[in-house]
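Here is the structure we will look at, set down as structure tokens.
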């Protein structure tokens, strides 16, 4: 059996054992359900779909006015309901009770209860003008096709040379949420690597495994298997976030255009960040033999990760600050900070390249360092092994 086939078998074992554990499955399902539920909750709190605007008609004999009011409402993205009243007294009572928003009287006067609305007045005026124009053209003998041609609006496109603040804020916010997911996921699955290492040392399983395979195969298999599980969880949670955004109600933001590049970026930076920290977690996990001692041992990677989260917060507020720029170039923090700066459009191409290359080089360095410490400490049980002692032991 080839060495890499053995690595694959070890990775598969880690993936299956961790993936089918009830705490992991329950936690993942709860998180996905909560994330999906956030969208409808936001929609409900914001009032959901806008209420229809009701226009009353009194003494209006204009043919087709009801349909034209609804058509104009569609143009303004307003749902218009039309109600006819037999007298103005009835219409005024409806205005006082809030049953209608405005009343068109005799086709030439718009009546409100107290505060007027320029937008609604303009909409009603356009509807009246259109109906009167059509009636006049019909009296002149024009056919429906000719009338439609006269009324055909000239299409005018609207664009901006800069992204709207709404789009920029949405991208930056989505990237920050992605950075939080990265922070939580890297810590969670890094701890899985460390816990798995300690469990194998505590149960003496590693001694049996090492009789068949080499330490580097055990390490790479463990990191790869748990990393694949992390990608699976990220896929589910990011999918839940995308569904939640779709359920949050109508918006001027193209959710797909904003969200899909962010999701792709989260996957990419998770791979780099996880590769950087997973081997460090494995190394520090191999220095202890009891779960009780693990919390103290894993403080090193946590202390390295925490500034990345804080820098991501800073980058979300001011992506062009010196702190955010420097943090996004450091290999240990780039996976958290650079996605936020990229989403904000403030990261230059050379900065992205430096961050990616630096993260890859840093990950390779951690693979080498972590593997050596892991190899030197893996079979040493009892008291905590110093990293320097494990380093020297691996050289013997």
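Just one of (1) outside any helix (DSSP H, G or I); (2) under 37 Å from the mean Cα position of the chain (by Cα); (3) exposed (fewer than 12 other Cβ atoms within 10 Å of the Cβ) fails for residue 74. It is (1). The one condition from (1) within 15 Å of the chain's Cα centre (by Cα); (2) modelled with pLDDT of 85 or more that residue 248 does not meet is (2). How many of the residues in region 338-371 are over 26 Å from the mean Cα position of the chain (by Cα) and closer than 21 Å to residue 222 by Cβ? Result for region 338-371: 9.
What number of residues in region 316-338 are modelled with pLDDT under 90 and surrounded by 24 or more Cβ atoms within 10 Å (Cβ to Cβ)? Total meeting the criteria: 0.
The values are calculated or read from the model by the stated rules, or taken from the named source; none is laboratory data. A quick note: this is a predicted structure, and the numbers were derived from the prediction, not measured. Cβ atoms come from the backbone with ideal geometry, glycine included; neighbour counts cover every protein chain shown.
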